[in-house]
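Encoded as structure tokens, the structure appears first; notes follow it.
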Amino acid sequence: MKELRLKVLLTCCCSIAMFWYLYGSAQHGMSRRTVDVSLSIRLADINETQTAIQMRLNETREEKTYTEHCAYSYYFSNINTIFMAIPKSGNTNWKESLLIANGDKVKSKTSSALKNQRAIRKEVAHKHSLKLYRDSGVIDGAITFAVMRNPWTRLISGYKDTLVRLNASIHFVPIRREIIKETRNGSARVGPEYEKIPTFKEFVAWLVAHGGKVDRHYAPQSYLLCLRSTQYDLVVPLEYAAQYKDLICDRIGADIEVPGSYDGCDVKSQSSTIDAMKWLPELDSELVEKLYEIFKYDFNIMKYSNFTDADFPFPRLL
């Protein structure tokens with residue numbers, strides 16, 4: 001009798017355990033499906049997101065306070081495409097992809113990423129600058145597109161790549177000195193190597209003091225898009241470039257390799273994302289507000305998330 005009761009008890013326990021296991025698995029699966037479905041809905045109609053982006057581009061054009069300074073623009077004749085190059089938005093990688101799609105012979109890569117980037121910039125500047133084609137009439141009907149990035153991660157990336165990295169282009173040496181002179185009581189004389197690098201707070205204070213009208217690596221993207229004289233067929237958020245691949249290829253009429261990140265990891269794990277979430281909260285709130293005001297059009301065009309949001313640095317698009 002005791003053995004029978006023990007068997008019944010064990011069976012009941014196993015049944016209950018199995019029930020909760022299956023229930024938990026179902027709930028977990030439901031949760032994962034919910035996330036996947038919400039993401040697919042968010043990106044289901046890329047054309048719809050582009051319509052919304054175009055509306056906000058038009059709103060920005062009409063703003064009285066909007067000013068512009070055109071970015072470097074390039075024309076790829078074989079694919080009849082104009083690319084407005086915005087620094088620190090995957091700019092060099094996109095140029096390389098467009099060179100390949102255009103049928104250009106891209107020089108074999110060296111072991112130095114810096115040398116590769118300089119070679120690509122030189123190749124594009126010499127053969128594909130829009131200035132070379134502007135008066136020829138061959139660009140009629142060309143597809144014009146640009147790539148934007150969350151202003152916060154772009155700002156961090158620009159600071160680290162041009163001001164912290166000591167082997168950056170000599171173009172940025174005077175900018176380092178200018179920032180240090182303006183933020184350290186008028187003295188640009190510094191001692192140890194690390195003192196030649198402005199802190200992130202000094203960089204931001206300098207940027208705010210100049211109202212964002214500085215080197216194009218740090219200037220607002222909307223400022224570089226030259227909206228009052230340029231109509232865009234496509235403006236791509238860098239964070240969702242992979243999802244836009246089919247639309248990009250369809251518009252350009254060629255298969256193009258969509259560039260990944262320099263970090264070789266997902267967007268939320270990139271060093272610029274992590275540093276943005278760490279460094280920006282350390283700034284005075286008043287300074288952050290002034291900084292946001294400089295980049296407000298960038299944030300609005302893509303509905304970019306703030307560094308305090310759970311979905312940072314992704315855009316909300318619609």
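The values are calculated or read from the model by the stated rules, or taken from the named source; none is laboratory data. The structure presented is a predicted model; accordingly, all values stated were derived computationally and were not measured. All Cβ positions, even for glycine, are placed from backbone atoms using ideal geometry, and neighbour counts span all protein chains on display. For the accessible areas, the whole protein counts, side chains as well, though only heavy atoms, and no ligand, DNA or RNA atoms are used. Shrake-Rupley method; radii C 1.70, N 1.55, O 1.52, S 1.80 Å.
Has the range 100-107 got at least one residue that is assigned to a loop (DSSP other than H, G, I, E, B), touching a Phe, Trp or Tyr at 6+ places or on another chain (Cβ under 6 Å), of a type in the set (S, T, N, Q) and modelled with pLDDT of 80 or more? So far as the range 100-107 goes, yes, one or more of its residues are assigned to a loop (DSSP other than H, G, I, E, B), touching a Phe, Trp or Tyr at 6+ places or on another chain (Cβ under 6 Å), of a type in the set (S, T, N, Q) and modelled with pLDDT of 80 or more.
Could you say whether any residue in the range 145-166 is at pLDDT below 90 and within 26 Å of Gln270 (Cα to Cα)? There is at least one residue in the range 145-166 that is at pLDDT below 90 and within 26 Å of Gln270 (Cα to Cα). Number of residues in the range 292-314 that are open to solvent by less than 10 Å² (accessible area, probe 1.4 Å) and over 22 Å from Leu57 (Cβ atoms): the value is 1. Checking each residue in the range 59-73 for being surrounded by fewer than 14 Cβ atoms within 10 Å (Cβ to Cβ) and over 12 Å from Tyr297 (Cβ atoms) picks out Lys64, His69. For Ser261, the requirement of being surrounded by 15 or more Cβ atoms within 10 Å (Cβ to Cβ), out of contact with any Asp or Glu (no Cβ under 7 Å at 6 or more places or on another chain), at pLDDT below 95 and among the small types (Gly, Ala, Ser) is met. Reported count of residues in the range 299-318, each being within 12 Å of the chain's Cα centre (by Cα) and assigned to a helix (DSSP H, G or I), is 2. Mind telling me which of the residues Arg216, Arg228, Arg251 ends up being touching a Pro at 6+ places or on another chain (Cβ under 7 Å) and open to solvent by 10 Å² or more (accessible area, probe 1.4 Å)? Only one candidate passes the filter, namely Arg216. One residue is enough: does the range 237-247 have a residue meeting the conditions at positive phi and open to solvent by 10 Å² or more (accessible area, probe 1.4 Å)? No: zero hits. What do you reckon, is Ile79 open to solvent by less than 20 Å² (accessible area, probe 1.4 Å) and either of a type outside the set (Ser, Thr, Tyr) or more than 17 Å from the chain's Cα centre (by Cα) (or both)? When the stated conditions are applied, Ile79 passes them.
Listed conditions (1) modelled with pLDDT of 85 or more; (2) over 30 Å from Glu293 (Cβ atoms) are all met by Pro87, apart from (2).
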